[in-house]
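See below for the structure under consideration.
Bear in mind these aren't lab numbers, they're just calculated from the coordinates by the rules spelled out. The structure presented is a predicted model; accordingly, all values stated were derived computationally and were not measured. Counting neighbours? That spans all protein chains shown, and the Cβs are built from the backbone with ideal geometry, glycine included.
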Amino acid sequence: MGLGIRKMLSNIIVNINCCKFRVRKFLFGFENANQMMKYVDKQSLEKILKKNGACIGKNCDIETGLTFHNCTDYKNLKIGDNSHIGKNCFFDLADSIQIGANAVISMNASFLTHINIKRSKLELIYPSKTAPIVIGNDCYVGANSVILMGVSLGEYCFAAACSTVTKSFDAKSFIAGTPAIFKKQIDIK
């Protein structure tokens, strides 16, 4: 009986948080509502993401403290079935971020889909641009790693902790470093 009450209270909290998000979005705009995503519980986070355009597969484990940047909704975020997103990850949704099924994204990982240095004359050399990020099925992205725009990791890739991934890698690649380099082929049978 006690478990039924907990589940009911949890559902009430999720619905309250969804309502708060909608009200903040309506009254103050999406960016204001987006700020609350860092602080909501796991169940509320997933429901708000889905209701605002994200495509999240079945049986995902999405931790709290996430930051979403450069977005007016969450439609550029796609997460496959059975994936895990660790605490305090950063998602720049200026372009799409697709995470495959059974992927593990460790805490504090960052996904950056754009460059914009309009306030500097460096823009003459490095013009503003966006590009999608694709993380394949069964990939692992280690804690504190940074994945830059245009990167695609094939299935079963392993990006070691604190890697800065600036280019794409084929399936079954073990990569590490800043910038990340190929270390070895992973033997998956």
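Name the most mobile residue of Asn116, Asn11, Asn32, meaning the one with the largest mean-square fluctuation, in a Gaussian network model of the chain with Cα contacts below 10 Å. Greatest mean-square fluctuation among the candidates belongs to Asn116. Rounded to the nearest 10 degrees, the angle from helix 2-28 to the longest Cα principal axis of the chain is 70 degrees.
Expressed in whole Å with the largest first, what are the equivalent ellipsoid semi-axes of the stretch 1-89 derived from the C-alpha gyration tensor as the square root of 5 times each eigenvalue?
Its equivalent ellipsoid spans semi-axes of 21, 18, 11 Å.
Among the trypsin sites (Lys or Arg not before Pro) found in the stretch 110-187, those both in a DSSP coil and sparsely packed, with 10 or fewer other Cβ atoms within 10 Å of their Cβ, are Lys118, Arg119. Return the single residue from Val165, Val146, Val23 with maximal mean-square fluctuation; model: Gaussian network over the chain, springs between Cα atoms under 10 Å. The residue that fluctuates most here is Val23.
For the stretch 63-189, what is the percent of antiparallel DSSP beta bridges, rounded to the nearest 5?
20
Shape analysis of the stretch 48-189 based on the Cα gyration tensor places the equivalent ellipsoid semi-axes at 23, 21, 12 Å, largest first.
Taking the chain as a Gaussian network of alpha-carbon nodes connected by springs under 10 Å, the highest mean-square fluctuation of the residues Cys157, Cys18, Cys139 belongs to Cys18. All C-alpha to C-alpha distances of the stretch 2-50, sorted into 10 Å bins beginning at zero, yield P(r) values of 28, 49, 18, 5 percent in whole numbers.
Output the pairs from Lys118/Lys183; Lys47/Lys167; Lys51/Lys129; Lys51/Lys78 with a Cα-Cα distance over 24 Å in this structure; if there are none, say none.
Details: Lys118/Lys183 36 Å; Lys47/Lys167 33 Å; Lys51/Lys129 28 Å; Lys51/Lys78 13 Å.
Violating the 24 Å Cα-Cα cut-off are Lys118/Lys183; Lys47/Lys167; Lys51/Lys129.
Can you tell me the 0 to 90 degree angle between the C-alpha axis of helix 42-51 and the longest principal axis of the chain, rounded to 10? Its long axis makes an angle of about 80 degrees. With each label modelled as a point 7 angstrom along the Cα→C-beta vector, the Ile188-Asn88 pair spans 2.9 nm.
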